[in-house]
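Here the structure is laid out as structure tokens; the discussion comes afterwards.
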Amino acid sequence: MAQDYLPSQVLNWIDGQQVAAVAGEWFEKLDPTNGQVLCQVARSRAADIEQAVRSAKQAQPAWADTPPVQRGAILHEIVLGMKARQEEIAKIVAAETGKSYSSAYGETGGAIALGLFYASEGQRLYGRTTTSGVVNKYAMTVRQPLGVAGLIIAANTPIANVAWKVFPALVCGNSAVLKVAEDTPATAWIVGQIAQEAGLPPGVLNIIQGYGEEAGAPLVAHNDVAVVSFTGSTEVGRIVQRVAGERFGRVSLELGGKNPLVVCDDADLNNAIKWTLLSVFSNAGQRCASASRIIVFDSIYDQFRDQLVEKTKELKLGPTDQDDLGPVINEQQLINMIAAVKQAQEAGATVLVGGDRLTDPDHATGFYMAPTLLENVDPHAEISQCELFGPIASLYRVKDFKEALALANDSPYGLTASIHTRNIHRAVRFCEKVQTGVAVVNAGTYGSEPHMPFGGLKQSGNGTREPGTEALDVYSELKDIYINIDPEQF
């Protein structure tokens, strides 16, 4: 059973040791499939952050002095440890999130692949050597670490999110304090255990459990934290930007999305429906890259809508590999989603399918939101403009490509977008003009790869990109070096 891999109490990792919260407080982590208690979790506060940052600050100089190739080799040992325990990690991810084991196992494989990519970057922390305009002068750049990295992650893809931030931060020579999502505490906890067993020096990676306002906020505000990387909501991202910015801390924000998926009149409808279902409902819609605005040409709208609704009704909800999607992560999220749908209905929207919590005996005690599709939604209504982070999408009818592109861009967000068309001209122009950080042709709105940059425009982020080699710019400083020689000393 997955619970066999979960500790009864999830502790912090500070200076290579497991420790309880200073205040001795705990909170309960609930199983989203049935509402039962999975484990108790250390409820950390500012005092715990202070200990973790102090440990990280003390460990960082020696870690920075370790050659990058050797840092990469140690990270590679962590990757091998994750690979050896992939099944165990996946069972913890599945237990904490309610997603199927196969989905959790695939996510863990993705985290391993990302870790492997960054471990190898220890051999490629490139600067550049270039020419100078001055005789007998040489110019170059080198990468140097920033210091302590404060990392704050979301619960939607927990093991991928841990790898996404920890590996690039550490390979650049920073130490780190990782503030874990309170809904997925044990996923990060086991990574801390693997890191210690792999030989990562104590204090280089500290892992703190707790709530955002109690543990995340003091991490963001701490003067010894040189860079804060945050994945989460735009609302919290604004606070992170403001608080860290006031002390001139570097900030990387990967925030929300209200991502459009456009279906043109020449699209392969079967393929478009397949990817719409995956983009809207996989991972229970809990992706920043989830498609929540489905924009369809008028001439095929009715056909597409009817087929999509029928396929949506066939989806199975539950935590097994035979199910299509699981629960949302906690009950408060579920309550917020239901309220948003009710508000949209009151404003004139039509619920085509779903719209409420599942209350049948198999699902009633879990946090299951029925897969939901709406139409007749005003593009400027709140449900069209705000991220819900659940299995909910709205359909919009448009006349042509010009109107579809305009509606796709009519959003405060700009993370990902997809277009389904057989017309190469439409596809190229869409990718060129859509105001997002990621554009996809004839597939879903999600699916980033370890070696590629990911991030968004507008309220979807602050312009940084993680992962890919671009993430190295988040976690390192470029230093110019000029060497002048005296020709008389030849």
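The values are calculated or read from the model by the stated rules, or taken from the named source; none is laboratory data. What you see is a predicted model, and the numbers here were worked out from it, not measured in a lab. Glycine also receives a Cβ, built like all others from the backbone with ideal geometry; neighbour counts cover every protein chain displayed. Protein only, heavy atoms only, side chains kept; ligands, DNA and RNA dropped before computing areas. Shrake-Rupley method; radii C 1.70, N 1.55, O 1.52, S 1.80 Å.
Considered as a group, the residues in the range 258-277 that are assigned to a helix (DSSP H, G or I) and of a type outside the set (Lys, Arg) include one that is most open to solvent (accessible area, probe 1.4 Å), and that residue is 270. Of the residues making up the range 55-80, those that are in contact (Cβ under 8 Å) with a residue 60 or more places away in the chain and of a type outside the set (Gly, Ala, Ser) are 57, 58, 60, 63, 66, 68, 71, 74, 75, 77, 78, 80. Exactly one residue out of 458, 479 is touching a residue at least 12 places away in the same chain (Cβ under 8 Å), touching a Ser or Thr at 6+ places or on another chain (Cβ under 8 Å), closer than 28 Å to residue 394 by Cβ and open to solvent by 70 Å² or more (accessible area, probe 1.4 Å): that is 458. Mind checking whether some residue in the range 295-309 is of a type in the set (Ser, Thr, Tyr), open to solvent by 10 Å² or more (accessible area, probe 1.4 Å) and either within 30 Å of residue 147 (Cα to Cα) or assigned to a loop (DSSP other than H, G, I, E, B) (or both)? Scanning the range 295-309, I find no residue that is of a type in the set (Ser, Thr, Tyr), open to solvent by 10 Å² or more (accessible area, probe 1.4 Å) and either within 30 Å of residue 147 (Cα to Cα) or assigned to a loop (DSSP other than H, G, I, E, B) (or both), so the answer is no.
For (1) part of a strand (DSSP E or B); (2) among the basic types (Lys, Arg); (3) on the phi > 0 side of the Ramachandran plot; (4) outside the structural domain of residue 118 (by the TED database), each residue gets a yes or a no:
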position: 404; (1), (2), (3), (4): no, no, no, yes
position: 417; (1), (2), (3), (4): yes, no, no, yes
position: 429; (1), (2), (3), (4): no, yes, no, yes
position: 446; (1), (2), (3), (4): no, no, no, yes
position: 450; (1), (2), (3), (4): no, no, no, yes
position: 454; (1), (2), (3), (4): no, no, no, yes
position: 467; (1), (2), (3), (4): no, no, no, no
position: 482; (1), (2), (3), (4): yes, no, no, yes
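Pairs are defined by a Cβ separation below 8 Å, a sequence spacing of at least 6 or placement on different chains, a first member in the range 431-455 that is within 10 Å of residue 261 (Cα to Cα), and a second member that is of a type in the set (D, E, K, R); the pairs so defined are 442/268. For the range 209-244, name all the residues that are farther than 25 Å from residue 28 by Cβ and of a type in the set (S, T, N, Q). Within the range 209-244, 223, 229, 234, 241 qualify.
Residues of the range 461-476 that are of a type in the set (Lys, Arg) and surrounded by fewer than 16 Cβ atoms within 10 Å (Cβ to Cβ): none at all.
Which one is most open to solvent (accessible area, probe 1.4 Å), of the residues in the range 236-257 that are among the aliphatic types (A, V, I, L, M) and assigned to a helix (DSSP H, G or I)? Here the answer is 239. For the range 52-88, the set of residues classified as closer than 19 Å to residue 188 by Cβ, out of contact with any helix residue (DSSP H, G or I) (no Cβ under 7 Å at 6 or more places or on another chain) and open to solvent by less than 50 Å² (accessible area, probe 1.4 Å) consists of 52, 53, 55, 56, 59, 74, listed by residue number. Quick check on this structure: which one of 193, 144, 241, 209 is polar (S, T, N, Q) and within 20 Å of residue 22 (Cβ to Cβ)? Among 193, 144, 241, 209, only 209 is polar (S, T, N, Q) and within 20 Å of residue 22 (Cβ to Cβ). So which of 90, 139 is in a strand (DSSP E or B) and out of contact with any Leu (no Cβ under 7 Å at 6 or more places or on another chain)? Selected residue: 139, the only one of 90, 139 that is in a strand (DSSP E or B) and out of contact with any Leu (no Cβ under 7 Å at 6 or more places or on another chain). In the condition set (1) in contact with a Leu (Cβ under 7 Å, 6 or more places away or on another chain); (2) aliphatic (A, V, I, L, M); (3) in a helix (DSSP H, G or I), residue 226 is compliant with all but (3). Take the residues in the range 89-116 that are of a type outside the set (Ser, Thr, Tyr) and either open to solvent by 40 Å² or more (accessible area, probe 1.4 Å) or outside the structural domain of residue 195 (by the TED database) (or both), then tell me which one is farthest from residue 327 (Cα to Cα). Checked the range 89-116; the qualifying residue farthest from residue 327 (Cα to Cα) is 116.
Screening 321, 360 for residues that are of a type outside the set (A, V, I, L, M), outside any helix (DSSP H, G or I), within 30 Å of residue 101 (Cα to Cα) and without any contact (Cβ under 8 Å) to a residue 40 or more places away in the chain leaves exactly one candidate, 360.
Matching residues to (1) farther than 26 Å from residue 254 by Cβ; (2) touching a strand residue (DSSP E or B) at 6+ places or on another chain (Cβ under 9 Å):
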{"position": "401", "(1), (2)": "yes, yes"}
{"position": "416", "(1), (2)": "no, yes"}
{"position": "421", "(1), (2)": "yes, yes"}
{"position": "425", "(1), (2)": "yes, no"}
{"position": "429", "(1), (2)": "yes, no"}
{"position": "457", "(1), (2)": "no, yes"}
{"position": "470", "(1), (2)": "no, no"}
{"position": "474", "(1), (2)": "no, yes"}
